[in-house]
1. Can you tell me how many residues in region 126-145 are among the small types (Gly, Ala, Ser) and either open to solvent by 80 Å² or more (accessible area, probe 1.4 Å) or not in a loop (DSSP other than H, G, I, E, B) (or both)?
2. Within region 353-367, take every residue that is open to solvent by 30 Å² or more (accessible area, probe 1.4 Å) and closer than 15 Å to residue 14 by Cα and give me the one that is nearest to the chain's Cα centre (by Cα).
3. Can you tell me how many residues within region 23-37 are of a type in the set (S, T, N, Q) and either over 24 Å from residue 274 (Cα atoms) or exposed (fewer than 13 other Cβ atoms within 10 Å of the Cβ) (or both)?
4. List the pairs whose first member sits in region 6-30 and is within 15 Å of residue 366 (Cα to Cα), whose second member is surrounded by 15 or more Cβ atoms within 10 Å (Cβ to Cβ) and of a type in the set (D, E, K, R), and whose Cβ atoms are under 6 Å apart, counting only residues at least 6 apart or on separate chains?
5. Would you mind stating whether residue 238 is within 17 Å of the chain's Cα centre (by Cα), among the polar types (S, T, N, Q) and either open to solvent by 20 Å² or more (accessible area, probe 1.4 Å) or modelled with pLDDT under 95 (or both)?
6. Out of the residues in region 187-205 that are touching a Lys or Arg at 6+ places or on another chain (Cβ under 8 Å) and open to solvent by 10 Å² or more (accessible area, probe 1.4 Å), state the one that is nearest to residue 80 (Cα to Cα).
7. From the list 333, 350, 317, 324, pick out the single residue that is of a type outside the set (A, V, I, L, M, F, W, C), at pLDDT 95 or above, surrounded by fewer than 15 Cβ atoms within 10 Å (Cβ to Cβ) and under 25 Å from the mean Cα position of the chain (by Cα).
8. Of all residues in region 22-37 being part of a loop (DSSP other than H, G, I, E, B) and not aliphatic (A, V, I, L, M), which is modelled with the lowest pLDDT?
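The values are calculated or read from the model by the stated rules, or taken from the named source; none is laboratory data. Just so you know, these numbers come straight off a predicted model, no measurement behind them. Virtual Cβ from ideal backbone geometry, glycine too; neighbours counted across all protein chains shown. What goes into the accessible areas is simple: the full protein's heavy atoms, side chains included, and nothing from ligands, DNA or RNA. Shrake-Rupley method; radii C 1.70, N 1.55, O 1.52, S 1.80 Å.
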Amino acid sequence: MSTNPQKRIYLDHAATSFPKAPGVAEAIQNYLSECGASAGRGAYQEAFEAKDLLDEVREDLADLIAAKDPKRLIFTLNASDALNLALKGILKLKDHVVVSGIEHNSVCRPLHELKKRLEIEFTKIPVSLEGELDFKLLEKSIRPTTRLLAFLQGSNVSGTLLPLELLSDFSFKKGIPLLVDASQTLGAYPLDVTKIKIDLLAFPGHKSLLGPLGTGGLWVREGLDLQTLKEGGTGSFSEEDTQPKFWPDIHESGSHNLLGIAGLGAALKFLKATGVEKIRQHKENLLQQFMEGLKNIPSLKVIAAPVKQNAGVISLQHPRLNPQEFALALDAQFRIQVRPGLHCAPWAHQTFGTYPQGTVRMSIGYSNTVQEVEAVLKALRSFS
């Protein structure tokens with residue numbers, strides 16, 4: 001617990017949102033004190049209430065992304081968990097994958113592991129800071145063995161938004177499933193998995209969805225099946241030695257994190273009442289203010305996509321201080337909280353020329369204010 005009386009300015013929303021949405025803490029406390037049961041594990045009122053809670057949050061998530069069948073939405077512990085299920089569930093011996101050159105380690109590392117285990121191959125497609133892709137190169141990268149396209153929606157290093165609509169049209173025409181990592185966008189940017197033909201969507205519950213850590217999900221379109229990553233108790237067909245084949249039980253072994261899911265449910269209600277478009281506009285306004293202010297601090301190197309192509313992330317490099325020193329100084333002197341380093345995304349830093357030193361990342365959330373952005377800009381000017 002911090003003893004510093006100065007109010008903190010939290011700019012690490014790309015890691016996890018803070019504060020959480022109104023009602024999240026209360027929902028968690030209510031689950032702990034009033035319910036406390038595991039869904040599908042008892043013939044008593046609280047166990048039925050736990051099942052109702054699970055179903056309600058699943059339906060609310062499906063509604064957020066315009067998915068028709070909530071049962072195709074699998075609860076996971078985070079986006080990394082969801083991406084591992086997607087990649088390892090769909091890829092087989094010597095399959096080929098096409099990915100962007102700015103993917104997170106939650107895609108990069110599973111692919112390298114699958115390269116060792118299953119001899120899969122993958123091709124990286126370069127991405128510009130503005131999110132431009134060479135679709136001619138993408139076309140040339142497709143092979144008879146190409147089984148999956150895996151692209152993030154927004155970079156956690158530069159905020160760069162990729163052209164999902166164009167990617168979905170391409171994948172649909174090729175008949176190759178499209179996996180989208182929406183870690184930096186879901187909850188802050190509208191996303192309709194039917195309208196833009198996404199096949200698999202991985203997301204965390206604790207970032208722009210404003211829920212607790214330990215929550216996330218993977219949506220899989222109907223007709224696309226995945227190998228299971230784990231098997232075990234589901235509370236259904238317990239007399240059988242094999243995993244149930246129906247969704248969502250086939251991919252949800254063990255007791256759920258209902259503590260976190262209860263909080264996520266409250267966050268989703270807040271998002272629905274507020275409106276994703278309002279949240280997007282707020283972040284965009286703050287980003288515009290930030291970018292304009294940085295023009296007057298030429299000593300800092302700015303690595304960030306233009307406002308309209310940015311998910312709310314700005315990376316900075318100081319001419320004298322390394323990222324760790326810069327971040328520590330911002331916190332010590334001004335209680336401005338940011339993340340230094342490579343942000344679990346070395347591919348992105350290699351793309352943007354900031355590898356291996358990394359950057360100081362400032363990521364904007366719905367809770368940030370105009371006054372906070374001005375205070376941060378004032379602090380940054382003192383380092384120039």
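1. 1
2. Across region 353-367, the extreme among qualifying residues is 366.
3. Summing the residues that are of a type in the set (S, T, N, Q) and either over 24 Å from residue 274 (Cα atoms) or exposed (fewer than 13 other Cβ atoms within 10 Å of the Cβ) (or both) in region 23-37 gives 1.
4. Short answer, once both residue conditions are applied: 9/372; 12/339; 15/339; 17/207.
5. no
6. It comes out as 199.
7. Checking each option against the conditions leaves just 324.
8. Ranking the candidates gives 36 first.
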